[in-house]
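These notes are about the structure you will find just below.
Each value in this text was obtained by applying a stated rule to the coordinates, not by laboratory testing. As the structure is a computational prediction, the values presented were derived from the model and not from experiment.
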Amino acid sequence: MSDITFAPAREQARAVASGEVSSVELVDLHLERIAAHNRRLNAIVTLDPDRARAEAAAADSKRAAGEELGLLHGLPITLKDSFETQGMRTVCGRRDLEGYVPKQDAEAVTRLRAAGAVIMGAFSYDRSGLTPASNAALLGRLLQHPRGDAGHALKGTFQSHYSWMQADTARHAIRLRWIEFFKDFDVVLMPVAPTVAPPHHNRLVDKFGRSIDVDGEQRPYWDQVKWSALANISGGPATTIPVRRGRTGLPVGLQVLGPAGGDLTTIEFAALLGREVEGYVPPPAYS
């Protein structure tokens, strides 16, 4: 039964719907795996087992009562720790939000709940410090020093905004070129990253000092995001699928990029491709 935790979400949802396993039982199976492995992995940063079990029990009761159910009814999930989740700590990887507990759900979370999903917790989210400075900090400087230092700060903000507008204009031009491209092609296949997952190095902050090995050559760590950046800037969806394992045994991924609004196309193509390649293999140490 524990093997079901490695099954695709649709198969787990189907197992709950058919009565093969209850939502409570499935939640407990996932919680057992988290308890066994999370201390080493630190993948789950917030966990609410009591609430998850209560929501799962309510889901089982609704099913037994014959109520109308959503597509994800009774399916346990975790969320990226950047989506506000009512009553559950949401920190976005930020120290200043360490104790933040939202009073409302993000729109995506609201829709997941409406579909019947059982939210167990949140998985880690690495911000890596790549965010703009807080506008509140600038406002504080303006109030304290209406001239001089704050004036320079305001000038810098305007310059930054102008730079952002230039970049945004360039981004839209690139997206228009992708729109033209996808008039002739359905999808584009690209690597996800230039290497498999690099080893942990246990540093809290590492913006620019780390390097990665690519075919024996040391490259900047941030080369890892170049392929995913192509997908992000296109404005279209990209579906990632593991296609094989590399020399070290870690998975090698491929991303299927499609046109804006073509989410179902990339998902379906990835599903078809998954039948022809090695695909996902549970890690031996965790299966």
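For segment 89-108 and segment 14-85, what is the separation of their C-alpha centers, rounded to whole Å?
20 Å
Ordered by residue, what ³J(HN,Hα) values in Hz, to whole numbers, does segment 230-235 give under the Karplus form 6.51 cos²θ - 1.76 cosθ + 1.60, where θ = phi - 60° and Gly and Pro are x?
Residue by residue, segment 230-235 yields 4, 5, 4, 6, 6, x Hz.
What is the Cα coordinate range of segment 182-287 on the first, second and third principal axes, sorted by size from largest, in whole angstrom?
42, 34, 25
Quick query: amide H of MET88 versus all other amide H atoms, modeled in the peptide plane; which residues come in under 5 Å with a sequence gap of 5 or more or a different chain?
Counting only residues 5 or more places away or on other chains, the set is empty.
If the chain between VAL101 and LEU264 were fully stretched, how many nm would it gain, using 0.36 nm times the residue separation less the Cα-Cα distance?
Gain on extension, VAL101 to LEU264, equals 55.3 nm.
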